[in-house]
Amino acid sequence: MLRFVTLTLIGIAFVTYLIVIGQMSLNALLLFFPFTMIPYLLIAAVVMRWRSIGSQLVCLFATIAYLAWFAYVYLDATVWHPDAQSPIAFAFVSNYAAPVLFILWLVAYAFEWNARSQSYS
């Protein structure tokens with residue numbers, strides 16, 4: 001169930017990204033995709049592989065946290081402080097989120113490792 005919720009949120013984020021950033025131009029969509037969507041792809045891969053409840057919860061939290069961070073950066077760059085150079089902020093969205101996401105992924109891995117070590121013993 002948690003896997004489904006996480007993957008659904010990631011799917012909604014992808015569709016929203018395609019609609020919102022795609023309105024700028026196709027070049028902007030393709031240029032900013034690696035900088036903005038790689039964390040979602042990593043979370044989706046981790047969610048599909050790890051099965052413990054703790055790791056699924058942490059990955060769901062990481063998805064929601066990155067979604068909130070991306071929404072904040074998008075609103076700040078395009079609505080609250082629009083400027084000709086505002087889209088450059090999208091190139092740094094995942095870089096600024098990386099330290100927090102790495103910590104969350106390590107916590108999720110710890111839950112998964114703990115669940116696997118208990119199942120083997």
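Read the figures in this text as sums done on the coordinates, not as results from a lab. The shown structure was predicted, so the numbers you read here are calculated from the model rather than taken from an experiment. Methodologically, a virtual Cβ is constructed for each residue, glycine included, from the backbone with ideal geometry; neighbour enumeration extends over all protein chains shown.
What ranking do VAL93, VAL20, VAL107 get, fewest neighbouring Cβ atoms within 10 angstrom at the top?
Exposure proxy ranking, most exposed first: VAL20, VAL107, VAL93.
Counting only complete DSSP H runs, which helices of the chain cover 15 Å or more along their long axis at the Cα atoms and score a mean Kyte-Doolittle of 1.0 or above?
What comes out of the filter, once short or polar helices are dropped, is 2-20, 26-49, 53-75.
Cut-off is 10 Å between beta-carbons; in what order do LEU101, LEU106, LEU41 appear when sorted fewest neighbours first?
Going from sparsest to densest Cβ surroundings: LEU106, LEU41, LEU101.
According to the Kirkwood expression over distinct Cα-Cα pairs, how big is the hydrodynamic radius of segment 41-86, in Å?
Hydrodynamic radius (Kirkwood, Cα pairs) of segment 41-86 is 12.2 Å.
Which length gain, in nm to one decimal place, applies between SER25 and ASP76 when the Cα-Cα distance is subtracted from 0.36 nm times their residue separation?
In short, 16.4 nm is gained.
What length, rounded to one decimal in nm, is gained on full extension from ALA115 through to ILE53, with 0.36 nm per residue of separation minus their alpha-carbon distance?
21.4 nm
Give, to the nearest whole percent, the P(r) tail of the chain beyond 24 angstrom, counting all Cα pairs.
So the pairs more than 24 Å apart make up 31 percent of the total in the chain.
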